[in-house]
1. Which order do the peptides 136-146, 52-62 take when ranked by the mean count of other beta-carbon atoms within 10 Å per residue, highest first?
2. Quick one: length gained pulling residue 143 to residue 87 fully straight, 0.36 nm per residue minus the C-alpha distance?
């Protein structure tokens, strides 16, 4: 699938890939890395198009050059429709960044948030934190301060440097 044109708008190149939304197109093997029409090895990007989000493709490394001598419109899919993942569109995107095939790292979704801690897990974590307090910036173990022991407590317990001459709140 090839791109059939580029257009120059406001000092930036905007590339139109004619076949990018066609998710069922042929998929040649990823290696060897193809040469584009310029004679240079193609670079890799990952699609953000709604119908092909997450799929990787080869593109000419000069496609995003602001003033190319002869714009090249090379475009070729690396992987198939099984790599489609619309969640990629929720994360930051660098539109002009292209990488060589060997530097390219496929975007994968982050792991889901862990389940909420149970009360028993919270108690164990609190005991571990008191048993192994954090270190102060000066390198001395911090001390847990509980300024108000009244009922109900009016202040949140906090860690403080255990040296009397050094004041540092953690």
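1. Ranked by mean Cβ neighbours within 10 Å, highest first: 52-62, 136-146.
2. Details: separation 56, 0.36 × 56 = 20.16 nm, distance 4.40 nm.
Computed gain between residue 143 and residue 87 is 15.8 nm.
Every read-out reported here was derived from the displayed coordinates using simple, explicitly stated rules and does not represent laboratory data. Here the structure is a predicted model, which is why all the values come from computation and not from measurement. Please note: Cβ atoms are built from the backbone with ideal geometry, for glycine as well, and neighbour counts cover all protein chains shown.
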